[in-house]
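Asks: I have a structure I would like to understand better, so I am pasting it below and will then ask my questions one at a time.
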Amino acid sequence: MRGRQKIAEKYPCASLLPADTRTPDHTIWHHLDTAAAFEAARAESGGLALLAFASGPVQPFIEAARSVRDLWSGGMVLSWLAFRSLLPVVELGPTALLYPALRWNPQLDLWLAEDRQLGNRAPRPSDQQKTTPSLPHRFLALVPWGPDGTAAHKLADCCRQACVNAWQDIANSVWERLKPQLDQDWPAWDDHWDAQIAHYFSGTTAVLPLSGSSDEIDGQLTRLLADSGSFAEVFSEAEKIRNLARSIPNDARPNYAQEQAGQWQYQIELVERALAAARSIRHIPVGDGENGPWPQKRTLFGSFSQMGPAPTERFKPLLERHGATQRQPECASPPRRGPLRDCPD
């Protein structure tokens, strides 16, 4: 993982070398990462597949922020869930991730240094980097398809379960910190805890096999993305590239054919559409009950019942015991738009 960095330190231009001078839109390092991903996926029989993953809900979670601190913390939670979700794919090799790239990602560096005990062979991120949201909530990977798709679908199941487990780990840590402080005054404060936590975050996956002849893949893409017409009619830009390659004399053509031009891009579009369709079926969380001791709705997440007493008077013993005082937020001026407020809590 540090080879590129060491070479670039001695030869700065090495990090910018294009993979192909005719299409200098990516570096040789991107090409090497993708080539390594193909080789790792081919290690199992059955061909290759694209695996797309997205966790959620994202927007309702982020828009509940009421301060910059809330926003930062929410972003860190989503980034951590994304990292734990992609670890089953990383076990194949970090380059299996087509998006996002994991080179120099602080969460991966920390995982390599501590969980994989690589020590000084993996760069250790700073404290600020550790707490910086560094990953989106979705990823795309190149994985083995396996016999009848068993390998790819098993990996997808592992990614979804890893997301759920990571969220449960966060919730358990918070519960363990709160319980000793709240049990004394409000023994039933966590009656709704399990119901609210269990099904809030989830992962959605889509898997697309990349096997078949060039004509079969063209027909599949045309049928699923456009419903009718030929590949040349539907994907005219890709067909132009193929025609350009056909115009080259046989003895001057490169060793690799161009009849597959465009397939990779449209296969990625297809798996992303499948993922979007799967995410359109929203999960409905299990009801958390309305008959507890404090049935009021929460101020941040209005669809959930309040955990712990909502009336201010019932919080005073806890606040006084911990030396805290209640105060109203003080802002020089209200924000122009949106619910976000960077004010003292």
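Asks: Looking only at region 185-198, count every residue that is modelled with pLDDT under 80 and either closer than 18 Å to Ser280 by Cβ or polar (S, T, N, Q) (or both) and tell me the total.
Replies: Selection size over region 185-198: 0.
Yes/no per residue for (1) polar (S, T, N, Q); (2) more than 15 Å from the chain's Cα centre (by Cα); (3) not in a loop (DSSP other than H, G, I, E, B):
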| position | (1), (2), (3) |
| --- | --- |
| Ser15 | yes, yes, yes |
| Phe38 | no, yes, yes |
| Ser45 | yes, yes, no |
| Arg66 | no, yes, no |
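Asks: Continuing with the same structure: Say we look at region 177-205 and pick out the residues that are touching a helix residue (DSSP H, G or I) at 6+ places or on another chain (Cβ under 6 Å) and part of a loop (DSSP other than H, G, I, E, B); which of these is nearest to Leu81 (Cα to Cα)?
Replies: Step one: filter region 177-205 for residues touching a helix residue (DSSP H, G or I) at 6+ places or on another chain (Cβ under 6 Å), giving 185, 189, 197, 201, 203-205.
Checking which are part of a loop (DSSP other than H, G, I, E, B) leaves us with 185, 189, 201.
Working: Asp185: 33, Trp189: 26, Phe201: 9 Å.
Taking the candidates together, the pick is Phe201.
Asks: I've got another one for you. So, Leu135, is that one hydrophobic (A, V, I, L, M, F, W, C), at pLDDT 90 or above and part of a loop (DSSP other than H, G, I, E, B) or not?
Replies: Working: hydrophobic (A, V, I, L, M, F, W, C): yes; at pLDDT 90 or above: yes; part of a loop (DSSP other than H, G, I, E, B): yes.
So Leu135 fits the description; yes.
So that you can scan it fast, the table gives a plain yes or no per residue for (1) touching a strand residue (DSSP E or B) at 6+ places or on another chain (Cβ under 9 Å); (2) small (Gly, Ala, Ser); (3) buried (at least 17 other Cβ atoms within 10 Å of the Cβ):
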| residue | (1), (2), (3) |
| --- | --- |
| Ser236 | no, yes, no |
| Ile241 | no, no, no |
| Ala245 | no, yes, no |
| Ile281 | yes, no, no |
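Asks: Inside region 208-254, can you point out the residues that are under 32 Å from the mean Cα position of the chain (by Cα), closer than 30 Å to Thr150 by Cα and of a type in the set (D, E, K, R)?
Replies: Glu216, Asp218, Arg223, Asp227
Asks: Would you please name the residue that is surrounded by the most Cβ atoms within 10 Å (Cβ to Cβ), looking only at residues in region 45-57 that are modelled with pLDDT under 90 and touching a Lys or Arg at 6+ places or on another chain (Cβ under 9 Å)? Spell out how you get there, then give the answer.
Replies: At the first step, the residues of region 45-57 found to be modelled with pLDDT under 90 are 45-47, 56-57.
Now narrow it down to the ones that are touching a Lys or Arg at 6+ places or on another chain (Cβ under 9 Å): 56-57.
Working: Gly56: 20, Pro57: 16.
The residue in question is Gly56.
Asks: Give region 104-132 a look and list any residue that's without any contact (Cβ under 8 Å) to a residue 12 or more places away in the chain and either assigned to a helix (DSSP H, G or I) or among the aliphatic types (A, V, I, L, M) (or both), or say none.
Replies: Across region 104-132, the qualifying residues are Ala113, Glu114, Asp115, Leu118, Gly119, Asn120, Asp127, Gln128.
Asks: Which one of these does Thr21 not meet: (1) surrounded by fewer than 18 Cβ atoms within 10 Å (Cβ to Cβ); (2) modelled with pLDDT under 90; (3) part of a helix (DSSP H, G or I); (4) of a type outside the set (Gly, Ala, Ser)?
Replies: Against the list (1) surrounded by fewer than 18 Cβ atoms within 10 Å (Cβ to Cβ); (2) modelled with pLDDT under 90; (3) part of a helix (DSSP H, G or I); (4) of a type outside the set (Gly, Ala, Ser), Thr21 comes up short only on (3).
Here's the yes/no breakdown for (1) closer than 26 Å to Ser211 by Cβ; (2) among the small types (Gly, Ala, Ser); (3) buried (at least 19 other Cβ atoms within 10 Å of the Cβ):
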| position | (1), (2), (3) |
| --- | --- |
| Glu91 | yes, no, no |
| Thr95 | yes, no, yes |
| Leu108 | no, no, yes |
| Pro123 | no, no, no |
| Leu135 | no, no, yes |
| Thr150 | yes, no, no |
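Asks: How many residues, within region 212-260, are charged (D, E, K, R), under 29 Å from Leu275 (Cβ atoms) and in a helix (DSSP H, G or I)? Full working, then the answer.
Replies: Going through region 212-260, the residues charged (D, E, K, R) turn out to be 215-216, 218, 223, 227, 233, 237, 239-240, 242, 246, 251, 253, 259.
From the residues that got through so far, the ones that are under 29 Å from Leu275 (Cβ atoms) too are 215-216, 218, 223, 227, 233, 237, 239-240, 242, 259.
Among the residues that remain, those that are also in a helix (DSSP H, G or I) are: 215-216, 218, 223, 233, 237, 239-240, 242.
Qualifying residue count, region 212-260: 9.
Asks: Moving to a separate point now. What is the residue count in region 261-278 for residues that are touching a Phe, Trp or Tyr at 6+ places or on another chain (Cβ under 8 Å) and part of a loop (DSSP other than H, G, I, E, B)?
Replies: Matching residues across region 261-278 total 1.
Asks: Cβ-Cβ distance below 6 Å, separation of 6 or more or different chains: which pairs start in region 80-102 with a residue that is within 20 Å of Val271 (Cβ to Cβ) and end on one that is of a type in the set (D, E, K, R)?
Replies: Thr95/Asp33
The values are calculated or read from the model by the stated rules, or taken from the named source; none is laboratory data. Not measured: the values here are computed from a predicted model. No Cβ is skipped: glycine too gets one built from the backbone with ideal geometry, and neighbour counts run over all protein chains shown.
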